[in-house]
Amino acid sequence: MSERQYVIRRARILGGEPTDIAIADGVITAIGPDLPLGDATEVDATGLVALPGMVDLHTHLREPGREDAETVLTGTQAAARGGFTCVHAMANTDPVADTAGVVEQVWRLGREAGYCDVQPIGAVTVGLGGTQLAELGAMADSAADVRVFSDDGKCVSDAVLMRRALEYVKAFDGVVAQHAQEPRLTEGAQMNEGLVSGELGLTGWPAAAEEAIVARDCVLAAHVGSRLHVCHLSTRGSVEIVRWAKSKGWDVTAEVTPHHLLLTDDLVRGYDPIYKVNPPLRTADDVAAVREGLADGTIDIVATDHAPHPMEDKECEWSAAAFGMIGLETALSVVQHTMVDTGLLTWEQVAERLSAAPARISRVGGGHGRPLAVGEPAHVVLYDAEATRTIVPADTASLSRNTPYAGRELPGRVVATFLRGIPTVLDGQLQEVSS
């Protein structure tokens, strides 16, 4: 059927020389110049970079419980527009995704939506309460096939409980993704502790609160021989600790968000809650360090930490505002701006850090994270790296508008996204899909 066959013309795979890509029945069937069209639909990709479908290891979809901020449908539509073919949905929903029933519900909602695959992340502790392990094995054995567990939004601060979780997930090759934040060091904290917090009179959030947990958990993971993933790493010290852990051969991975690659705590001077995020925006030195860490492989992946909030939770005084920013539709542009255009990463390395590595860490199936090659699943993104765009909050598929890039000019835009050979986005516009 022609609607399931496409020939993408003159795409630059990983920024290379122009070539054609033929897709049929969800698979890449041929790559080469001047491929025959036959009954296929032609897609003009002249000048566009072709990347494998991206995988986000850290997305908040808010459903069930906060459908006023986001739903699985709207969140995955935003993901498709950003070039993602798979997102991992964090567990801090209402009810919390701490049972097989809830993770299966989220997984099925993703299948019904059809815009990208949704892989639920299970909570480490019951109700994110930090006192009792959740049903990790039951979630792993469920239809959702959960392999990543996180109390993100809260730290598993109890060292004994964290050790037990790390031991437990070994049974099914799982990984614990830690929100590194020592709670006693961050009580009432509003922003990064430093020069700016002192000038503004806002309670500071010390880098040591993150680094202490990162160091502790690296040692714990090594002690029990398990896998640890550090969520949204944000400080120079954290980069150095992860680099040390990797030098020891320990099975530790880490992520950085787009906003921590670009934005600094200096933006908080205007008291605009759009810049209130957890972990907080750090210093220019920290930004330089996480860029270096991502470039040299100390930081394995970029993950969005897409955190939608309704308007009333952000358009209020700083102290009452919610932590978090949306980021699915701007992630690739920020990575281009901070890492590619600066010469720190090639497009091949972008594909590793935004597709192959996150899929590998999460053990996700569905052909995600695979290269653009004949016989591989047709998860394909076409990206115009030469374009520039001014970010307009209303121009998003998300239900929320809390982007920190409003009015900012960023490079690049996603032109098309294919999920198993079916276009979810063409010419920058969402397409009708059937699950």
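The values are calculated or read from the model by the stated rules, or taken from the named source; none is laboratory data. This one's a predicted model, so the numbers in the text were calculated from it and none came from an experiment. Cβ coordinates were reconstructed from backbone atoms using ideal geometry, including for glycine residues, and neighbour counts include every protein chain displayed. For accessibility, only protein heavy atoms count, side chains too; no ligands or nucleic acids. Shrake-Rupley method; radii C 1.70, N 1.55, O 1.52, S 1.80 Å.
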(message) For the range 161-180, give me each residue that is within 17 Å of V230 (Cβ to Cβ) and open to solvent by less than 30 Å² (accessible area, probe 1.4 Å).
(response) M162, A165, L166, V169, G174, V175, V176, A177, Q178, H179, A180
(request) Give me the pairs, please: first residue somewhere in the range 148-173 and free of Cβ contacts under 8 Å to residues at least 12 places away in the same chain, second residue anywhere and open to solvent by less than 40 Å² (accessible area, probe 1.4 Å), beta-carbon distance under 8 Å, and either six or more positions apart or on two chains. (result) none
(message) Out of the residues in the range 295-324 meeting the condition of being part of a loop (DSSP other than H, G, I, E, B) and closer than 19 Å to V72 by Cα, tell me which one is most open to solvent (accessible area, probe 1.4 Å).
(response) H309
(message) Residues that are closer than 25 Å to K154 by Cβ, surrounded by 19 or more Cβ atoms within 10 Å (Cβ to Cβ) and either hydroxyl-bearing (S, T, Y) or assigned by TED's automatic domain parsing to the domain that holds E70 (or both): does the range 338-353 have at least one?
(response) no
(request) Give the number of residues within the range 14-42 that are open to solvent by less than 30 Å² (accessible area, probe 1.4 Å), in contact with a Pro (Cβ under 8 Å, 6 or more places away or on another chain), in a strand (DSSP E or B) and touching a residue at least 24 places away in the same chain (Cβ under 8 Å). (result) 1
(request) Among the numbered conditions (1) within 17 Å of A144 (Cα to Cα); (2) outside any loop (DSSP other than H, G, I, E, B), tell me where A78 comes up short. (result) (1)
(request) Please give the number of the condition N402 fails out of (1) farther than 25 Å from P310 by Cβ; (2) touching a Lys or Arg at 6+ places or on another chain (Cβ under 8 Å); (3) assigned to a loop (DSSP other than H, G, I, E, B). (result) (1)
(request) Counting only residues that are within 22 Å of V43 (Cα to Cα), give me the helices (runs of 4 or more DSSP H) lying completely in the range 331-384 with at least 1 of them. (result) 331-335, 347-351
(request) May I ask you to list the residues in the range 381-435 that are open to solvent by 40 Å² or more (accessible area, probe 1.4 Å), over 21 Å from the mean Cα position of the chain (by Cα) and of a type in the set (G, A, S)? (result) A394, G407, S434, S435
(request) For P279, work out the one condition from (1) buried (at least 24 other Cβ atoms within 10 Å of the Cβ); (2) over 24 Å from G201 (Cβ atoms) it doesn't fulfil. (result) (2)
(request) State all residues of the range 232-268 that are part of a helix (DSSP H, G or I) and closer than 13 Å to D305 by Cβ; if no residue qualifies, say none. (result) P258, H259, H260, L261
(message) Take R269 and tell me if it is more than 24 Å from the chain's Cα centre (by Cα) and in the same structural domain as H306 (by TED's automatic domain parsing).
(response) yes
(request) Please work out which one of (1) in the same structural domain as Y115 (by TED's automatic domain parsing); (2) farther than 21 Å from A78 by Cα; (3) of a type in the set (D, E, K, R) is the condition R370 fails and give its number. (result) (1)
(message) So in the range 211-231, with the set limited to residues that are outside any helix (DSSP H, G or I) and open to solvent by less than 40 Å² (accessible area, probe 1.4 Å), which one is farthest from T304 (Cα to Cα)?
(response) S226
(message) I'd like the residue in the range 1-13 that is in a strand (DSSP E or B) and of a type outside the set (F, W, Y) and, out of all such residues, is farthest from E352 (Cα to Cα).
(response) Q5
(message) Quick check on my filter: what residues within the range 129-160 are among the hydrophobic types (A, V, I, L, M, F, W, C) and open to solvent by less than 20 Å² (accessible area, probe 1.4 Å)?
(response) A134, L136, M139, A140, A144, V146, V148, F149, V156
(message) Given the criterion under 26 Å from G82 (Cβ atoms) and either more than 23 Å from the chain's Cα centre (by Cα) or modelled with pLDDT of 95 or more (or both), identify the matching residue among D152, D173.
(response) D152
(message) Checking the structure you have, find out if any residue of the range 184-198 is β-branched (V, I, T), in the same structural domain as S142 (by TED's automatic domain parsing), open to solvent by less than 30 Å² (accessible area, probe 1.4 Å) and not in a strand (DSSP E or B).
(response) yes
(request) Those residues that are free of Cβ contacts under 8 Å to residues at least 24 places away in the same chain and more than 30 Å from F323 (Cβ to Cβ), I need them from the range 398-429; list them, please. (result) D427, Q429
